[in-house]
Amino acid sequence: MRAVTKDLSDTYPRAIVHVDGDAFFASCEVAKNPTLRGKPVVVGGLRGIAVALTYEAKARGVVRGMPVFQIKKLCPEVVILPGNYEFYDQIAQRMYAIVRRYTSEVEEYSIDECFAELYDADPEMIVRSIQADLMAELGVSFSVGLATTKVLAKVASKFKKPKGLVCIPQGAEAQYLTDVSVGKVWGIGPATAQKLNRAGVRTALEFAALPEWRVREGFAKPHVDLWRELNGEPVFAVHSGKQGMQKSIAATRTFRPPTKDKALVFAYLVKNIEEACRRARAHGLEARHLFFFLKSQEFQYRRFEATLVRHTSATSAVVAAARPLFERAFSTDVLYRATGVTLSGVQPKIGQSALFGDIDAERENLVFETVDQVGRQFGAHTLFLAPSLEVRKGVTEKPHFTLPYLGEVR
Ligand SMILES: [Mg+2]
């Protein structure tokens, strides 16, 4: 008998996988408590709006962002849960680890997504195996896309949710792009989608079919890159964690006198976060992990670590991740003398920016672009988050504006 070996190097000159959790936070809750299976479940009780929901809740008309009172009216049998982000992150870490069994090139893109590059002869078989492992070991379903570029892999994973497994070999792109509206393509924001629609370009396929000169003339470089990726030309690399983890940005501050004032200690922490994020943005970087410490008068350190819900340089997102840890860690009978922050898992913003298709992230990015612009004009830290006002009382003479506290943990 002759062994049959398949060589798919023609169909996948590069094999990029995108793994994406289906209704991830809600699926994690169901995995933890199987009695919830088949029920409409909504996560987000603490914020008062639906942050995530099961497909059963979706089928009853619940949508993301819907206020809880409205959900209860619409669907009285709904189960509303507060959200357990540490647990979701544990599942995410296990998800990354499972994908790493198949390749070392894994990019932890967000709490429920990763990209990976495969080097096997039969990548289609590998992605089936990855998906089966995820389901069997985590009890959470993931949609998996395989294609020749990151943007196409994103199209593939989204194509048939939930539990989708879609492979787009080289040459088969058109049939997958024809029904995708151009605004749904990773990286195309609402403004660009509108501009394209006005020019008569409605689908991803119509965008991909534009002649290159038209794209280059009418659009900025990131959109030219997207166009190339849609046409199967790899532009964006898979950034495996290791290279990212080497880089970090730290900001530390000792305060005098030492203090027991909780609001003040938190304000110092927020000020460090503001400083670290400002530097990250100045270098065009985004971080995935946050470490911070509180140091007592007796030089005892308590260290904390949080994985951010996505790569970000938005101060508000980082503060939101730090706040619950701080709340738990702070003790009223300790005299604190310093706090410090390190952002790690730092990567260049171009090519992986979470502004791709994420409205919250786009809004945050915009806010902090403005903060930086004002800072350049009127001095750094002219605009800052309300919690750090505490350390600025009497420190700053020039007029300043505070931003509302943006967002809780997502
Ligand atoms: Mg998802």
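The values are calculated or read from the model by the stated rules, or taken from the named source; none is laboratory data. For clarity, every value in this text was computed on a predicted model and none was experimentally measured. Backbone-built Cβ (ideal geometry, glycine too); neighbour counts: all protein chains shown.
One residue is enough: does the range 298-306 have a residue meeting the conditions under 14 Å from the mean Cα position of the chain (by Cα), in the same structural domain as Val346 (by TED's automatic domain parsing) and of a type outside the set (Val, Ile, Thr)? Within the range 298-306 (the criterion being under 14 Å from the mean Cα position of the chain (by Cα), in the same structural domain as Val346 (by TED's automatic domain parsing) and of a type outside the set (Val, Ile, Thr)), the answer is yes, since at least one residue qualifies.
So that you can scan it fast, the table gives a plain yes or no per residue for (1) buried (at least 17 other Cβ atoms within 10 Å of the Cβ); (2) modelled with pLDDT of 95 or more:
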site: Leu205; (1), (2): yes, yes
site: Glu217; (1), (2): no, no
site: Asp225; (1), (2): yes, no
site: Gly241; (1), (2): yes, no
site: Gln246; (1), (2): no, no
site: Ala250; (1), (2): no, no
site: Thr254; (1), (2): no, no
site: Lys260; (1), (2): no, no
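For the range 288-309, name all the residues that are among the charged types (D, E, K, R) and modelled with pLDDT of 85 or more. Across the range 288-309, the qualifying residues are Arg288, Lys295. Checking the structure you have, find out if any residue of the range 76-96 is surrounded by 15 or more Cβ atoms within 10 Å (Cβ to Cβ), without any contact (Cβ under 8 Å) to a residue 40 or more places away in the chain, away from the ligand (no atom under 16 Å from the Cβ) and aliphatic (A, V, I, L, M). Looking for residues that are surrounded by 15 or more Cβ atoms within 10 Å (Cβ to Cβ), without any contact (Cβ under 8 Å) to a residue 40 or more places away in the chain, away from the ligand (no atom under 16 Å from the Cβ) and aliphatic (A, V, I, L, M), one finds at least one in the range 76-96, hence yes. Just one of the listed residues (Pro169, Pro162) is within 30 Å of Leu308 (Cβ to Cβ), assigned to a loop (DSSP other than H, G, I, E, B) and out of contact with any Gly (no Cβ under 8 Å at 6 or more places or on another chain), and it is Pro162. In the range 9-23, the qualifying residues are those that are more than 16 Å from the ligand (Cβ to nearest atom) and outside any strand (DSSP E or B), and the one that is nearest to the chain's Cα centre (by Cα) is Arg14. Of Phe69, Phe25, all but one fail to be touching a strand residue (DSSP E or B) at 6+ places or on another chain (Cβ under 8 Å) and among the aromatic types (Phe, Trp, Tyr); the exception is Phe25.
Results for (1) crowded, with 24+ Cβ neighbours inside 10 Å; (2) β-branched (Val, Ile, Thr); (3) within 16 Å of the ligand (Cβ to nearest atom), shown as yes or no for each residue.
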position: Glu124; (1), (2), (3): no, no, no
position: Gln131; (1), (2), (3): no, no, yes
position: Leu134; (1), (2), (3): no, no, yes
position: Ser141; (1), (2), (3): no, no, yes
position: Gly145; (1), (2), (3): yes, no, yes
position: Val151; (1), (2), (3): yes, yes, no
position: Lys154; (1), (2), (3): yes, no, yes
position: Cys167; (1), (2), (3): no, no, no
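Residues of the range 297-316 that are of a type in the set (Phe, Trp, Tyr) and in a loop (DSSP other than H, G, I, E, B): Phe299 alone. Mind telling me which of the residues Arg310, Arg279, Arg337, Arg303 ends up being closer than 30 Å to Gly183 by Cβ and basic (Lys, Arg)? Result of the check over Arg310, Arg279, Arg337, Arg303: Arg310. Identify all residues within the range 200-227 that are of a type in the set (Gly, Ala, Ser) and closer than 21 Å to Lys154 by Cβ; write none if there are none. Hits for the range 200-227 are Ala204, Ala208, Ala209, Ala220. Residue pairs whose Cβ atoms lie under 6 Å apart, sitting 6 or more positions apart in sequence or on different chains, and linking a residue in the range 318-338 that is more than 18 Å from Arg47 (Cα to Cα) to a partner that is surrounded by fewer than 21 Cβ atoms within 10 Å (Cβ to Cβ) and among the charged types (D, E, K, R), are Ala329/Arg302; Phe330/Lys262; Leu335/Lys260; Arg337/Lys295; Ala338/Lys295.
Take the range 41-61 and flag every residue that is more than 14 Å from the ligand (Cβ to nearest atom) and surrounded by 23 or more Cβ atoms within 10 Å (Cβ to Cβ). Answer for the range 41-61, where residues must be more than 14 Å from the ligand (Cβ to nearest atom) and surrounded by 23 or more Cβ atoms within 10 Å (Cβ to Cβ): Val41, Val42, Gly44, Ala50, Ala57. Taking every residue in the range 100-113 that is within 13 Å of Leu308 (Cα to Cα) and within 14 Å of the ligand (Cβ to nearest atom) and pairing it with any residue that is part of a loop (DSSP other than H, G, I, E, B) and modelled with pLDDT under 90, at least 6 positions away or on another chain, the pairs with Cβ-Cβ distances below 7 Å are Tyr109/Gln352; Ser110/Ala354.
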